[in-house]
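**Q** Okay, handing you the structure first.
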Amino acid sequence: MARGSSGIVAGLTAAAVAAVCFLAYQASANAPDSVAAPTAQSSGSSTAAPTEKPEAPREPLAVPADSDTGARVVYALKDRRVWIVDAKEKSLRTFTVMPSSINPLPGVYRVTSRSGSIKGSDGVPIEHVVRFANVDDVSVGFSAAQDDSMHSPDPTIKTGGVRMKRADGNAMWTFATVGVKIVVVP
């Protein structure tokens, strides 16, 4: 009985391998010329012109390239991310934020004022407020909710608080003293 079942397994395995080989042949026979036929450039021929070395992929959490230089805080609006960067261009910390309902235009700003603990314009108790811009008479700055929440702001209320987690707020508070550069990128 064992001999019969091993023969069946061997037969099924052989049939499966044959089917895969047939399908691979069909795929290569029906592939477009741009994929099926090797070109002089991809064949490694010594007569082919050298190609430029491809750029290394951008590290997803790397500081944005066009974000000025030196010690600064970089705020990427689209990515909803902040980087704290030292004078040697090293990212000390990066984290996500919840943007306010009002955003500053891309550009270079400076920390203008700070508050240790206040009530936010949305009524939430906040801490480590670092203000850097004014848009339509609304002060824009980074802060952390004391309950560590990062809720989406009510779009019908003009608020300027860019919220972060408390641990990130502590790091921002330590780094971003009055006069420190804040770079906002798209």
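The values are calculated or read from the model by the stated rules, or taken from the named source; none is laboratory data. For clarity, every value in this text was computed on a predicted model and none was experimentally measured. Counting neighbours? That spans all protein chains shown, and the Cβs are built from the backbone with ideal geometry, glycine included. For accessibility, only protein heavy atoms count, side chains too; no ligands or nucleic acids. Shrake-Rupley method; radii C 1.70, N 1.55, O 1.52, S 1.80 Å.
**Q** Within the stretch 103-137, how many residues turn out to be in a strand (DSSP E or B) and open to solvent by 20 Å² or more (accessible area, probe 1.4 Å)? Can you show your working first?
**A** Going through the stretch 103-137, the residues in a strand (DSSP E or B) turn out to be 107-110, 113-119, 125-135.
Subsequent filtering for residues that are open to solvent by 20 Å² or more (accessible area, probe 1.4 Å) retains 107-110, 113-119, 125, 127-128, 131, 134-135.
Count: 17.
**Q** Report yes if D168 is touching a residue at least 12 places away in the same chain (Cβ under 8 Å) and out of contact with any strand residue (DSSP E or B) (no Cβ under 7 Å at 6 or more places or on another chain), otherwise no.
**A** Details: touching a residue at least 12 places away in the same chain (Cβ under 8 Å): yes; out of contact with any strand residue (DSSP E or B) (no Cβ under 7 Å at 6 or more places or on another chain): no.
No, not satisfied.
**Q** If you don't mind, there's one more thing I want to ask. Going by the structure shown, is G161 of a type in the set (G, A, S), in contact with a strand residue (DSSP E or B) (Cβ under 9 Å, 6 or more places away or on another chain) and either modelled with pLDDT of 95 or more or on the phi > 0 side of the Ramachandran plot (or both)?
**A** On the way: of a type in the set (G, A, S): yes; in contact with a strand residue (DSSP E or B) (Cβ under 9 Å, 6 or more places away or on another chain): yes; either modelled with pLDDT of 95 or more or on the phi > 0 side of the Ramachandran plot (or both): no.
Judged against the criteria, G161 is not a match.
**Q** Which of the numbered conditions does S100 fail, given that it passes all the others? Conditions: (1) open to solvent by less than 30 Å² (accessible area, probe 1.4 Å); (2) not in a loop (DSSP other than H, G, I, E, B).
**A** Of the numbered conditions (1) open to solvent by less than 30 Å² (accessible area, probe 1.4 Å); (2) not in a loop (DSSP other than H, G, I, E, B), the odd one out for S100 is (2).
**Q** Here's something else I'd like to know. Could you grab the pairs with beta carbons closer than 7 Å, sequence gap of 6+ or different chains, first residue in the stretch 65-86 and of a type outside the set (V, I, T), second one open to solvent by less than 10 Å² (accessible area, probe 1.4 Å) and assigned to a loop (DSSP other than H, G, I, E, B)?
**A** Within 7 Å, the pairs are R80/V97; R81/V97.
**Q** Go through the stretch 138-179 and count every residue that is more than 18 Å from L77 (Cα to Cα) and not β-branched (V, I, T). Explain how you work it out, then say what you get.
**A** Narrowing the stretch 138-179 to residues more than 18 Å from L77 (Cα to Cα): 145-149, 156-157, 166-167, 170-171, 173-179.
Okay, now just the ones that are also not β-branched (V, I, T), so 145-149, 166-167, 170-171, 173, 175-176, 179.
Residues that pass the stated criteria total 13.
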